[in-house]
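Shown next, in structure tokens, is the structure this report addresses.
The values are calculated or read from the model by the stated rules, or taken from the named source; none is laboratory data. Values in this document were obtained by computation on a predicted structure and should not be read as measured data. Methodologically, a virtual Cβ is constructed for each residue, glycine included, from the backbone with ideal geometry; neighbour enumeration extends over all protein chains shown. Ligands, DNA and RNA are excluded from the accessible area calculation, which covers all protein heavy atoms including side chains. Shrake-Rupley method; radii C 1.70, N 1.55, O 1.52, S 1.80 Å.
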Amino acid sequence: MKRTFIISRVLLGFFLVTLLACSGDGDKPKVNTEGPTYTLIFLDKTRSVNINKAFVAQKYQQAITDLIEQNIRQKGDRLEVYFIHENTSKARALNLTVRSELEDVSAASATDREAAETEFSLSLSREKAQIRQRVLQQLVVQNSGSSNQETDIWASLPVIAKANETGATVKVYYLSDMIESVKGAGRRDFQVKPPKDNAQADEWAKADAEQLKRYTLGSPDITMILPFEPSASVKENNPAVTQYWQTLFSELGVGTVNEE
């Protein structure tokens, strides 16, 4: 019996060594040494974006999954969701902060370090799944109230400026058609009068930037995730509109602006 027990332990040890060797470094949780990430998601809740459309729902669900996977990596990472409508800056729907933490393993043995990293990885995975579920719940929220009549994307700027004050790396995602539509003097209503071409878009953006420079945005990464299919017409997906935002954000000192 004793000999059998010893052989079993040897075989078990060999199995574990083989398993760890096969897993490779790529499967080990990567310890993040950078500062926290502050993720802002702006969900368009106006009548011009139909989340019930299959293409839009699939694109936005995948985008949410991807950005959570990329940005939720360590304790202190933060994610907020705001609704875009006539009162965007007051429409915070979610405010979440990551709690999973990798304990200090600098003086630990290899075995204890492996166990701590595995525990952290599992905890973070569970937290990501919970965050994704909660964001997707907000994605499908319907807005049938009067606030869906106007799209105030300018009002997202003070929200970004406030996030910049934390000193975190700020990443901003607009899940929107980016059709600014606010009535009144000094505002843009692209549903009534969109820019006719890129030149006019640049002109308007530079003029608007002068009054919006009071918001210190820092250098966040901004991604505009549009709800348009590849076959959408120029009338539906007006490239001059996104040109306006590219120029406006650039004038306000934003680091990177991407369009998807």
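Averaging the sequence gap over all C-alpha pairs within less than 8 Å and six or more residues apart, then dividing by the number of residues, gives the chain a relative contact order of 21 percent. Among 156, 243, 133, whose Cα lies farthest out toward the positive end of the dipole of the chain, if unit charges sit on the beta carbon of Lys, Arg (+1) and Asp, Glu (-1)? Final value for the positive-end residue is 133. Spatial offset of the range 128-148 relative to the range 80-100 amounts to 10 Å, using the alpha carbon center of each. Would you mind classifying the range 60-177 by shape? Square roots of the alpha carbon gyration tensor eigenvalues, ordered a ≥ b ≥ c; an a/c under 1.5 is rounded, otherwise it is prolate if a/b is larger than b/c and oblate if not. Prolate.
For the range 52-100, what percent of Cα pairs sit more than 14 Å apart?
On the way: 763 of 1176 pairs.
The calculated P(r) of the range 52-100 puts 65 percent of pairs beyond 14 Å.
Ranked by the mean number of other Cβ atoms within 10 Å of their residues, highest first, the peptides 159-169, 126-136 come out as 159-169, 126-136. Within the accessible surface of the chain, defined with a 1.4 Å probe on protein heavy atoms only, the carbon and sulfur portion equals 50 percent. For the peptides 63-74, 89-100, residues were scored by their other Cβ atoms within 10 Å and the scores averaged per peptide; the highest-first order is 63-74, 89-100. Placing +1 on the Cβ of every Lys and Arg and -1 on the Cβ of every Asp and Glu, with nothing else charged, gives the chain a dipole about its Cα centre of roughly 740 debye.
Ranked from largest to smallest solvent-accessible area, with a 1.4 Å probe on the protein heavy atoms, 39, 216 come out as 216, 39.
Compute the acute angle (0 to 90°) between the alpha-carbon long axis of helix 110-139 and the principal axis of greatest extent of the alpha-carbon atoms of the chain; round to the nearest 10°. Tilt of helix 110-139: around 30 degrees. Taking label positions 7 Å along the Cα-Cβ direction at both residue 192 and residue 165, the computed distance is 3.3 nm, reported to one decimal. Relative intensity of the range 146-260 on a log10 scale, I(q)/I(0) at q = 0.15, 0.22 Å⁻¹, equals -0.66, -1.40, per a Debye sum over C-alpha point scatterers of equal strength in the absence of solvent.
Per-residue ellipticity at 222 nm, computed for the chain from helices alone with -39500 (n - 2.57) per DSSP H run of at least four residues, works out to -14000 deg cm²/dmol.
Measure nothing fancy, just the Cα-based angle from helix 198-212's long axis to the longest principal axis of the chain, in degrees from 0 to 90, nearest 10. With rounding to tens, the tilt is 80 degrees.
What's the percent breakdown of Cα-Cα distances in the range 154-206 across 5 Å bins, shortest bin first? Whole-percent P(r) values from 0 Å outward: 4, 15, 20, 22, 18, 12, 7, 2.
Stick to the Cα atoms of the chain, pair each with every other, and give me the Kirkwood hydrodynamic radius in Å at one decimal. Working shown, then result.
Working: mean 1/r = 0.0480 Å⁻¹.
So the Kirkwood estimate lands at 20.8 Å.
Decide, for the range 105-173, between rounded, prolate and oblate: order the square roots of the alpha carbon gyration tensor eigenvalues as a ≥ b ≥ c, take rounded if a/c falls under 1.5, and otherwise choose prolate if a/b is larger than b/c, else oblate. It is oblate, given that a/c is not under 1.5 and a/b is not larger than b/c.
Between the amide H of residue 190 and those of 180, 181, 182, distances stay under 5 Å, these residues lying 5 or more places away or on another chain, with hydrogens modeled in the peptide plane.
In this structure the amide hydrogen of residue 39, modeled in the peptide plane, comes within under 5 Å of the amide hydrogens of 78, 79, 80, 171, none closer than 5 places in sequence on its chain.
Accessible area per residue, 1.4 Å probe, Å², for the chain: what's the number? Let's see the in-between values first.
Values: 14550 Å² over 260 residues.
Per-residue accessible area for the chain comes out at 56 Å².
The alpha carbons of the range 44-127 give a radius of gyration and a Dmax of 18.2, 58 Å, in that order. Beta bridges from DSSP with both residues in the chain: antiparallel share about 25 percent, rounded to the nearest 5.
Please give the helix 239-251 orientation as an angle from the longest Cα principal axis of the chain, in degrees from 0 to 90, rounded to the nearest 10. Taking Cα atoms only, the helix is inclined about 70 degrees.
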